[in-house]
Amino acid sequence: MTPTQDPRLAAHEVSVRTATSVDATVPVLGSKSYTNRHLAISSFAAEPTVIDRALVSDDTVYLARGIEAFGHVDVEIDRDAERIVVRPTGRRMRAPDDEIYVGGAGTPIRFLIAMAGHAEGVTVLNGNARMQERPMGDLLAALPALGVTAEAVRGNGSPPIRVQGGSYAGGATRISGQVSSQFTSSLIINSVAARSDTEITISDELISQPYVDMTLTALAERGIEVEREDFRRFRIPAGQRPRGGSVLVEPDASGMSYFLAAAAVLGGRVTIPGIGTGSCQGDVGLVGVLERMGCQTERAADAVTVKGGLLRGVDVDMEAMPDVVPTLAVVAAHAEGMTRITNIASLRIKECDRISAVTTELRKMGIEVEEFPDAMHITGGLPGPAVIDTYDDHRIAMSFAVAGLATDGVIINDPGCVAKSFPSFWRVLDGIHPEGSATR
């Protein structure tokens, strides 16, 4: 544990202290999604890249170290300065002798699987027990048409994955968009370094489309042209190199959701600076959902504000913003009437089965929840005290911490799992609490 690390990240549990209200401007860490994208893009740049306001978390560190393992770049991480510097070494990409381990980091392993196609030799990528259950088959099936041989070692479509690299030729491939948009983003980013033009066709419907928009926005910022036909087809011309230089990462929309939810359930006000109407992050859409539920909202070019009001249930399709479903579910538990959250089947294959986890933990608090394969119906009420299991899932921990602000007796098990995406979460939560500490 580093001297600046929050001791709660190593605790077995924390007890959340209730708050009567909240009135705060909350600086949120940089976007995990954009940090990961700029890390991957920077690995193909000819000049050094300085990524400022970067999110330094378990996920982004796994990706940084995975990229560095190929030998073609050095990655310097300054946690205190929120800065990551990627420098080309001038060496060719080669498969590392040891496997690349990513823990539970879904985006990094998906980006690295395709990236290994550029590295001479055989790369093995692996993760924790949950990662070894997560499906990668659609990405593996799309790579051979681009010249890359990739296979699941156990033949089950999940890690560990073995990639025979040095052969990312480009060409035309097809991929399903139904399991994860990260597969498509991985192919687009890595096709920048292909030897010939690459065309990627989505064979069905692409879920979580805003994340692909984020990929295209990050590439455009770095001078890379991608031709597109809506979300059906993407063409990446060969011979392009991303610009190096300075990159500034905007705040994380998923991370800000917990503080906006705090304003909603406590009837207070929270402003998030540095992110606004121009953001491509799909999770910004939660602001509109909270407005429909009865909150007052203000959206400017450089800030978002939510003021709590009398909450009521809504019907909402969350396919485009699945990561904030647990946040919304906690708000729904405090709303009058039923909230029907639909089109969220992708949550079954996240860090945990988030539909099942949220259902189980809300029921512990006395909230009525109907669980469906791709939906939850939550009837609001008066949540009670409970010991919350977090399933090694950062979003479960942070969402139910918000519930603890409004309900006495909420204990969060394994609070350190927030380090996956938001290592300073508990300290930021302290900053909005009237008593100066959100836990006891």
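Structure summary
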| read-out | value |
| --- | --- |
| Cross-chain or 6+ apart pairs with Cβ under 7 Å, the stretch 423-440 first and surrounded by fewer than 18 Cβ atoms within 10 Å (Cβ to Cβ), then among the hydroxyl-bearing types (Ser, Thr, Tyr) | Asp430/Ser437; Pro434/Thr20; Arg440/Ser15 |
| In the stretch 386-417, residue nearest to the chain's Cα centre (by Cα) [restricted to those that are charged (D, E, K, R) and closer than 19 Å to Ser437 by Cα] | Asp414 |
| Residue list for the stretch 286-337, filter: over 18 Å from Val265 (Cα atoms) and assigned to a helix (DSSP H, G or I) | Pro322, Asp323 |
| Exclusive hit being crowded, with 17+ Cβ neighbours inside 10 Å, outside the structural domain of Met398 (by TED's automatic domain parsing) and part of a loop (DSSP other than H, G, I, E, B), set Ile275, Ile207 | Ile207 |
| The stretch 358-396, subset in contact (Cβ under 8 Å) with a residue 60 or more places away in the chain and in a strand (DSSP E or B), residue farthest from Ala345 (Cα to Cα) | Val387 |
| Scope the stretch 383-411; condition under 12 Å from Val265 (Cβ atoms) and either among the polar types (S, T, N, Q) or surrounded by fewer than 24 Cβ atoms within 10 Å (Cβ to Cβ) (or both); matching residues | Pro383, Ser399, Ala406, Thr407 |
| Some residue of the stretch 262-272 being outside the structural domain of Ala19 (by TED's automatic domain parsing) and crowded, with 24+ Cβ neighbours inside 10 Å | no |
| Qualifying strands (runs of 3 or more DSSP E) (wholly inside the stretch 47-116; at least 3 residues being out of contact with any Ser or Thr (no Cβ under 7 Å at 6 or more places or on another chain) and without any contact (Cβ under 8 Å) to a residue 24 or more places away in the chain) | 73-78 |
| One residue from Cys352, Cys417 being buried (at least 19 other Cβ atoms within 10 Å of the Cβ), of a type in the set (A, V, I, L, M, F, W, C) and assigned to a loop (DSSP other than H, G, I, E, B) | Cys352 |
| Within the stretch 218-256, tally of residues that are of a type in the set (S, T, N, Q) and more than 25 Å from Ile175 (Cβ to Cβ) | 1 |
| Residue check, Arg340 out of contact with any Asp or Glu (no Cβ under 6 Å at 6 or more places or on another chain) and outside the structural domain of Asn128 (by TED's automatic domain parsing) | no |
| Residue in the stretch 153-162 that is over 19 Å from the mean Cα position of the chain (by Cα), assigned to a loop (DSSP other than H, G, I, E, B) and under 23 Å from Arg232 (Cα atoms) present | no |
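Matching residues to (1) part of a strand (DSSP E or B); (2) farther than 25 Å from Val304 by Cα:
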| position | (1), (2) |
| --- | --- |
| Leu216 | no, no |
| Glu225 | no, yes |
| Phe231 | no, yes |
| Arg235 | yes, yes |
| Ala238 | no, yes |
| Arg241 | no, yes |
| Val247 | yes, no |
| Ser254 | no, no |
| Ser257 | no, no |
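The values are calculated or read from the model by the stated rules, or taken from the named source; none is laboratory data. Owing to the predicted nature of the structure, the values given are computational and were not obtained by experimental measurement. As a convention, Cβ positions derive from the backbone with ideal geometry for all residues, glycine included, and neighbour counts pool all protein chains shown.
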